[in-house]
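The values are calculated or read from the model by the stated rules, or taken from the named source; none is laboratory data. Please read these numbers as outputs of a predicted model, since none were measured by experiment. Because the Cβ atoms are built from the backbone with ideal geometry, glycine has one as well, and the counts that use them run over all protein chains shown. Note: accessible area is taken over every heavy atom of the protein model, side chains too, but ligands, DNA and RNA are not part of it. Shrake-Rupley method; radii C 1.70, N 1.55, O 1.52, S 1.80 Å.
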There are 4 protein chains.
Amino acid sequence: MDIDLVKNKNEDKKIIDLDEDIKIGGKEFTIISGPCSVENEEQIHTISKFLSEIGVKILRGGAFKPRTSPYTFQGLGFDGLKLLREAADENKLKVISEIMDPRDVEKAYDYVDIIQIGSRNMHNYSLLKEIGKVDKPILLKRGMTATVKEWLMAAEYIALEGNEDIILCERGIRTFENYTRNTLDLTVVPIIKSLSKLPIIIDPSHGTGRRTLVIPMTRAAVTVSADGVMFEIHPKPEEALSDGFQSLDFKQTKKLIKEIKEIKSCIDKL
Amino acid sequence: MDIDLVKNKNEDKKIIDLDEDIKIGGKEFTIISGPCSVENEEQIHTISKFLSEIGVKILRGGAFKPRTSPYTFQGLGFDGLKLLREAADENKLKVISEIMDPRDVEKAYDYVDIIQIGSRNMHNYSLLKEIGKVDKPILLKRGMTATVKEWLMAAEYIALEGNEDIILCERGIRTFENYTRNTLDLTVVPIIKSLSKLPIIIDPSHGTGRRTLVIPMTRAAVTVSADGVMFEIHPKPEEALSDGFQSLDFKQTKKLIKEIKEIKSCIDKL
Amino acid sequence: MDIDLVKNKNEDKKIIDLDEDIKIGGKEFTIISGPCSVENEEQIHTISKFLSEIGVKILRGGAFKPRTSPYTFQGLGFDGLKLLREAADENKLKVISEIMDPRDVEKAYDYVDIIQIGSRNMHNYSLLKEIGKVDKPILLKRGMTATVKEWLMAAEYIALEGNEDIILCERGIRTFENYTRNTLDLTVVPIIKSLSKLPIIIDPSHGTGRRTLVIPMTRAAVTVSADGVMFEIHPKPEEALSDGFQSLDFKQTKKLIKEIKEIKSCIDKL
Amino acid sequence: MDIDLVKNKNEDKKIIDLDEDIKIGGKEFTIISGPCSVENEEQIHTISKFLSEIGVKILRGGAFKPRTSPYTFQGLGFDGLKLLREAADENKLKVISEIMDPRDVEKAYDYVDIIQIGSRNMHNYSLLKEIGKVDKPILLKRGMTATVKEWLMAAEYIALEGNEDIILCERGIRTFENYTRNTLDLTVVPIIKSLSKLPIIIDPSHGTGRRTLVIPMTRAAVTVSADGVMFEIHPKPEEALSDGFQSLDFKQTKKLIKEIKEIKSCIDKL
């Protein structure tokens, strides 16, 4: 396969610069965390404060939720984005959130620091072109059954419009296994590293759909040299409006972050 | 599985009324044909004239083409839609074409009689909601790996906005077979008939990706009681800008339409 | 793809000769029917008598049942084969049954007229080689996720041992759809016809797992020029020890056979 | 899902005892290595000597090779098993090799210390029952598209015959990705640990099909607490008769084993 970000062959690995000390794609293993959905002010403030305290610098939170059924919770929309921004600012965090509609990009501009394109929209070329015109980094999730080539071609749609600050995110592919929600494919991390200059992180929460699998798969992501991880947390996972089953609680999160550091330190010395 | 178009349980089968004598979902087996992409005035006029002569009443033609790679032909856009409309009007045909961007819906309104939502956009909920507000029929293709339930839920997104004139279209699913482009799943025709009131047609051109398979699979679609077929034709398939490999020529088209009528007549008597 | 039964390129289509008036692969559409499992003498005699009366000439019945769980009914084994043979002889029927173990081939020789290789054993090369030495026809089912090429290569394992009397049988592939047991892939019928000289039949019972789908899919098999069909029946489907959900009752069977004849007659005239 | 090795619920984790100091499933991370196929005496002796020198205690080598095409190299058969045994004995190694035919089990008994059941035979119930009667450990590979439940049920077929010394081996599943041979699914390691008492190892060679991916995926296997790894090596990978593309050379092997130890030591302290 001879694909890569064609416009930029032969260039160095891409480092996404969010702030003086917040970079994705360099030597650090980036941790992004937050709730599946922004639910209310208290929830998002509690989580933001906690993340800030333990040193996490990027807050995730869904405001626009793509759901298979139109009858399930669809997210708080722009109200959610505002809550997310306020909680992040108060705790000096950066914000990542999903945008699903090209018409929302401009209005959402001030609320997000990284625009997430979800799995269901990896093939939404109108949206890809629109966010390709924006001067903010994009996190592009892999489509549910997309091949690496299709995924990199989706990135190319964005890059061709001028925006090359793209972070790839593996979130599990659809397989016949039904014990897990998806099958998290860690192999793509070294593959992407060899084919592309873009950083790649993993999302073990959607990638597995089970809290008990998030921890070992995050450990494993460090050893395959992923650039980071994005996982869901909730103060009370069992009360979450969506995806509580795959969210870590605060205690588990602290432990996981400690483990990440130790494994990273070990891997760096190899 | 207890899904269906929930808003409309217990109702009669839906018949889409395009004109006094052009209906989809009733007793007729509807034939939709045309080129993969609108290429130029001559091409679309030649095809429209031919279709009109052999009694086909609905013209398909791609103006916005969702392509995996941004470097392949992306379609003529609104210029293509205009050519399509003119050729159709001249030959008293109805027009179906794909819209990919919610911002194009209003502008495209006068050019199309049926709005097609492509496989890659079955999960594009912003687009589904937008076309749910339009008073024109929608042809909703099945997602590349969508289950029947996910497909009907996508239809429900449209219906909830008020537009229940939805035609489902099976266009093949992704499987491990690589001899064909996709695997056309005819089983969904009787499944949809039992679960939903919506009409369903098949697209054997994308569904198989091979001209030699379009003919037997169209025959088969009649026997499983599909409501119609949409297949690609081209005056010179070997010179088509896209998908020539799966397009029928005029002679093959005439023969196929004759065969459809004979099989339909046989099936109706069973 | 340049595969085919390599040893026999350029030869005519293969016709399997079971008897003066029982051939598979010629002009007739062959019907094979019987219960999923042989359960007891009464059951298999009742079914055999019925099949004989309506003109079906080949009786299927499982004696060795490959089941995912070792705790479910595994079939009657050789006792089942004997019951099958007796019931068939009394009603002048030919017998097809699955053999799973190379060590059973010799002992089963007198009880079966066609040896079935099930989907789970398509890659069981020891078994394929063993039955390649037998002078009885083989029905080779497609593996659960096998490509056409892999399937034809499995046939080649048999042919290389000397036995070229091979009938291919499509029985549905594994897909993400969970409304059906498998996804019956009718496209392979014209594909096999173009790549190979072997006859191909379909098994809509396992291919769909639902009685209501067996009928339309069998109709469709006729129109794509399959060489026949193998479907499950049971006097009282709701009381069957296995797969009752997908078995037709006697009345449905009669109706279906009548329909097959009418569609075949229509197709032959096209 | 409520499956597990039903016969043995509530028991402790299984430890497979090959020798006083060779155990699988305990605290050690077991390394199994060797060539894809036994090719000749020199090759297998060179490899065995090397493995012995670097402390690897179990030698793999294919003598019976299940190949999709009957025209590709099928392995040396019993001659290969003998070469494997001699080379192993000379270097004090244990032997693992695949058996495909239930009739070969007895004859192979003295040549192998662990009997491997390959992916294509996970559903070969006759073979599973036969090796269930043997008093040697079994390594059971996951079927190409098997779910965890189906895999554990295959193990249950073996256990029910009396042999509970079963090691599970993840070797990649079939997905739509074509850059890799298979998609190695590391998620199953923690899943199996939570559902079953059996040890589980991974095979990154077949699991990815690419040498460059074997190293990171083996590192990752350690972090998800797999019980070991089985990977292919060859003195001159570019000259191997089969699968050279996925074999490590000696230098890479040494480096990998050193890395495994360091990561294991780090993980054990977490």
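Across the residues of C:202-212, average count of Cβ atoms on other protein chains within 10 Å?
The mean count of partner-chain Cβ atoms within 10 Å per residue comes to 1.
Where both residues lie in the range A:1-121, what percent of DSSP beta bridges are antiparallel, nearest 5?
Bridges in the range A:1-121 that DSSP calls antiparallel: roughly 25 percent.
Per-residue ellipticity at 222 nm for chain B, helices alone: DSSP H runs ≥ 4 residues times -39500 (n - 2.57), over residue total, nearest 500 deg cm²/dmol?
Values: 9 runs with 96 residues, N = 270.
So the helix-based figure for chain B works out to -10500 deg cm²/dmol.
Return the residues of the range C:112-138 for which accessible area with all protein chains present is lower than in the chain on its own by 10 Å² or more; set the probe to 1.4 Å and exclude ligands, DNA and RNA.
Checking the loss per residue gives C:Arg120, C:Asn121, C:His123, C:Asn124, C:Tyr125, C:Ser126, C:Lys129, C:Glu130.
When every alpha-carbon pair in the range A:85-230 is counted, what percent end up more than 23 Å apart?
It works out to 35 percent of all Cα pairs.
Output ³J(HN,Hα) for the range D:94-102: one whole-Hz value per residue in order, computed from phi by the Karplus curve 6.51 cos²θ - 1.76 cosθ + 1.60 with θ = phi - 60°, and x for Gly and Pro.
The phi angles translate into 8, 10, 10, 8, 7, 10, 10, 10, x Hz.
Can you give me the Cα centroid spacing of the range D:228-256 and the range B:46-86 in angstrom?
One Cα centre to the other: 53 Å.
For each pair in A:Lys251/D:Lys269; C:Lys13/C:Lys136; A:Lys255/D:Lys254; C:Lys92/C:Lys136; B:Lys141/C:Lys149, compute the distance between the two Cα atoms and list the pairs where it is over 22 Å.
A:Lys255/D:Lys254; B:Lys141/C:Lys149, as the Cα separations exceed 22 Å there.
To the nearest 20 debye, what charge dipole does the range C:1-155 have about its Cα centre, counting +1 at the Cβ of each Lys and Arg and -1 at the Cβ of each Asp and Glu?
For this selection, approximately 600 debye.
Can you list the copy-to-copy distances for C:Thr72, using a point 7 angstrom from Cα toward Cβ, in nanometres, shortest first?
Sorted ascending, the copy-to-copy spacings read 2.8, 3.2, 4.0 nm.
Over the protein assembly as shown, what is the percentage of antiparallel beta bridges among all DSSP beta bridges, to the nearest 5?
Bridges in the protein assembly as shown are about 15 percent antiparallel.
Would you kindly enumerate the cysteines in chain A that have no other Cys beta-carbon under 4.7 Å from their beta-carbon?
Among the cysteines of chain A, those whose Cβ sits 4.7 Å or more from every other are A:Cys36, A:Cys169.
Compute for chains A and B the buried accessible surface, both sides summed, probe 1.4 Å, and express it in Å² to the nearest 100.
Approximately 2800 Å², summed over both chains.
In nm, one decimal, shortest first: how far is the label point of A:Leu270 (7 Å from Cα along Cα to beta carbon) from the matching points in the other copies?
1.3, 5.8, 6.0
Roughly how much of C:Leu18 is accessible, in Å² to the nearest 10, using a 1.4 Å probe?
My reading of the accessible area for C:Leu18 is about 30 Å².
Quantify, in whole percent, the carbon and sulfur part of the accessible surface of the protein assembly as shown (1.4 Å probe; protein heavy atoms only). If you can, show how the numbers build up before the last one.
On the way: 17900 of 38870 Å².
C and S atoms contribute 46 percent here.
Taking only protein heavy atoms and a 1.4 Å probe, what accessible area per residue, in Å², does the range A:143-270 have with all protein chains in place?
Per-residue value: 30 Å².
Mind checking the mean number of beta-carbon atoms from other chains within 10 Å of the Cβ atoms in C:187-199? Could you put the intermediate results ahead of the total?
Numbers: counts 18, 5, 4, 9, 8, 0, 2, 4, 1, 0, 0, 0, 0.
Rounded to a whole number, the mean comes out at 4.
Once the range D:1-120 is represented by equal point scatterers at the alpha-carbon sites, with solvent omitted, what log10 I(q)/I(0) does the Debye formula produce at q = 0.12, 0.14, 0.17 Å⁻¹?
-0.50, -0.66, -0.89
Would you be so kind as to list the residues of the range C:155-182 that have their accessible area lowered by at least 40 Å² in the full protein complex compared with their chain by itself (1.4 Å probe)?
C:Tyr157, C:Leu160, C:Arg174, C:Phe176, C:Glu177, C:Tyr179
Using a probe radius of 1.4 Å on heavy atoms only, what accessible surface per residue do you get for the range A:6-93? Whole Å² is fine.
Details: 4240 Å² over 88 residues.
That works out to 48 Å² for each residue.
Taking θ as phi - 60°, what are the ³J(HN,Hα) couplings along the range D:253-260 by the Karplus curve (6.51, -1.76, 1.60), each to the nearest whole Hz, with x for Gly and Pro?
5, 4, 4, 4, 5, 4, 5, 4
Indicate, rounded to the nearest 5 percent, the antiparallel portion of the DSSP beta bridges found entirely in the range C:74-183.
10 percent
In peptide A:222-230, what is the residue-averaged number of other protein chain Cβ atoms found within 10 Å of each Cβ?
3
How far is D:Glu239 from the same spot in each other copy, in nm, shortest first, if each label point sits 7 Å from Cα toward Cβ?
Result for D:Glu239, in nm, nearest copy first: 5.6, 6.9, 7.1.
Between C:Ile233 and residues 5 or more places away or on another chain, which pairs have amide H atoms under 5 Å apart, with H built 1.01 Å from N, and which residues are they?
For C:Ile233, the qualifying residues are C:Gly34, C:Cys36, C:Leu248.
For D:Gln116, which sequence-distant residues (separation of 5 or more, or a different chain) have an amide H within less than 5 Å of its own amide H, given hydrogens modelled in the peptide plane?
D:Ser97, D:Glu98, D:Ile99, D:Leu139
Whole angstrom only: what separates the Cα centroid of the range A:169-202 from the Cα centroid of the range C:150-225?
33 Å
Relative contact order (percent) for chain D, with alpha-carbon contacts under 8 angstrom and 6 or more residues of separation?
With pairs under 8 Å counted, the relative contact order is 19 percent.
Residues with amide H under 5 Å of B:Lys197's amide H, sequence separation 5 or more or different chain, H placed in the peptide plane at 1.01 Å from N; which?
B:Leu5
Kindly identify residues of the range C:52-98 having a loss of at least 40 Å² in accessible area between the isolated chain and the assembly of all protein chains, probe radius 1.4 Å.
C:Thr68, C:Pro70, C:Tyr71
Using the Cα centre of the range A:10-268 as the reference point, and only Cβ charges (+1 on K/R, -1 on D/E), how large is the resulting charge dipole? Debye, rounded to the nearest 20.
That gives the range A:10-268 a dipole magnitude of about 780 debye.
Starting at the first residue of the range A:151-168, write each ³J(HN,Hα) from the Karplus equation 6.51 cos²θ - 1.76 cosθ + 1.60 with θ = phi - 60°, in whole Hz, x for Gly and Pro.
Rounded to whole hertz, the list is 5, 5, 5, 5, 4, 5, 4, 5, 4, 5, 8, x, 9, 9, 7, 10, 10, 8.
Please state the charge dipole magnitude for the range A:108-211, taken about the Cα centre, from unit charges on C-beta atoms (+1 on K and R, -1 on D and E), reported in debye and rounded to the nearest 20.
Magnitude of the dipole: close to 440 debye.
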